[in-house]
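Enquirer: Quick one: the structure is below, and I'll ask about it shortly.
Every number in this text was worked out from the coordinates using simple rules, so none of it is lab data. Here the structure is a predicted model, which is why all the values come from computation and not from measurement. Cβ placement follows ideal geometry from the backbone for every residue including glycine, while neighbour counts extend to all protein chains displayed.
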């Protein structure tokens, strides 16, 4: 009658958790990269949408994007505090991703696409960063 030795059982019981631990680390990195890429794409989409609406002079107003702790706000007006709130569009934001920028909102002026601010928007998650650059002429680089 053949059976496993105690050494073989202990070896298998230590290798299986180690193997799954290494796999979960790889999947976690892939998931974090996905979160950061998705958040960057959402912010880019909102910036392009605001710029386009300003360019076509939608409602003859400025259009902007503001990032709050738990959401993005696409608004119409010269600032998020002086906006036409009935036109607000709110989009959920991943709280784990930190946004570092010299401003908390970006406004595009009608017909010109020019902005009220210029600088880099850095999205950061666990040491990984994505950068979006915007200048006063309304050029968005990513």
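Enquirer: Scan segment 124-139 residue by residue and report those that are closer than 16 Å to residue 44 by Cβ and part of a loop (DSSP other than H, G, I, E, B).
Expert: Answer for segment 124-139, where residues must be closer than 16 Å to residue 44 by Cβ and part of a loop (DSSP other than H, G, I, E, B): 135, 138, 139.
Enquirer: Any idea which residue in segment 90-123 is surrounded by the most Cβ atoms within 10 Å (Cβ to Cβ), counting only those that are in contact (Cβ under 8 Å) with a residue 60 or more places away in the chain and part of a strand (DSSP E or B)?
Expert: Per the criteria, the residue is 121.
Enquirer: Taking segment 40-53, which residues are touching a residue at least 60 places away in the same chain (Cβ under 8 Å) and touching a strand residue (DSSP E or B) at 6+ places or on another chain (Cβ under 6 Å)?
Expert: Looking only at segment 40-53, we keep the residues that are touching a residue at least 60 places away in the same chain (Cβ under 8 Å), and these are 40, 43-44, 47-48, 51.
Across segment 40-53, the qualifying residues are 40, 47, 51.
Enquirer: Take residue 58 and tell me if it is surrounded by 13 or more Cβ atoms within 10 Å (Cβ to Cβ), closer than 25 Å to residue 136 by Cα and touching a strand residue (DSSP E or B) at 6+ places or on another chain (Cβ under 6 Å). Can you show your working first?
Expert: Numbers: surrounded by 13 or more Cβ atoms within 10 Å (Cβ to Cβ): yes; closer than 25 Å to residue 136 by Cα: yes; touching a strand residue (DSSP E or B) at 6+ places or on another chain (Cβ under 6 Å): no.
Here the answer is no, as residue 58 does not meet what is asked.
Enquirer: Output the residues belonging to segment 69-89 that are loosely packed, with under 12 Cβ neighbours inside 10 Å and within 18 Å of the chain's Cα centre (by Cα). Spell out the reasoning first.
Expert: Applying the first criterion (loosely packed, with under 12 Cβ neighbours inside 10 Å) to segment 69-89 yields 69-70, 81-82, 84-86.
Correct list: 69, 70.
Enquirer: A follow-up question, please. Residues to consider are 22, 36; find the one that is under 29 Å from residue 130 (Cα atoms), free of Cβ contacts under 8 Å to residues at least 24 places away in the same chain and either in contact with a helix residue (DSSP H, G or I) (Cβ under 7 Å, 6 or more places away or on another chain) or in a helix (DSSP H, G or I) (or both).
Expert: Exactly one of 22, 36 is under 29 Å from residue 130 (Cα atoms), free of Cβ contacts under 8 Å to residues at least 24 places away in the same chain and either in contact with a helix residue (DSSP H, G or I) (Cβ under 7 Å, 6 or more places away or on another chain) or in a helix (DSSP H, G or I) (or both), namely 22.
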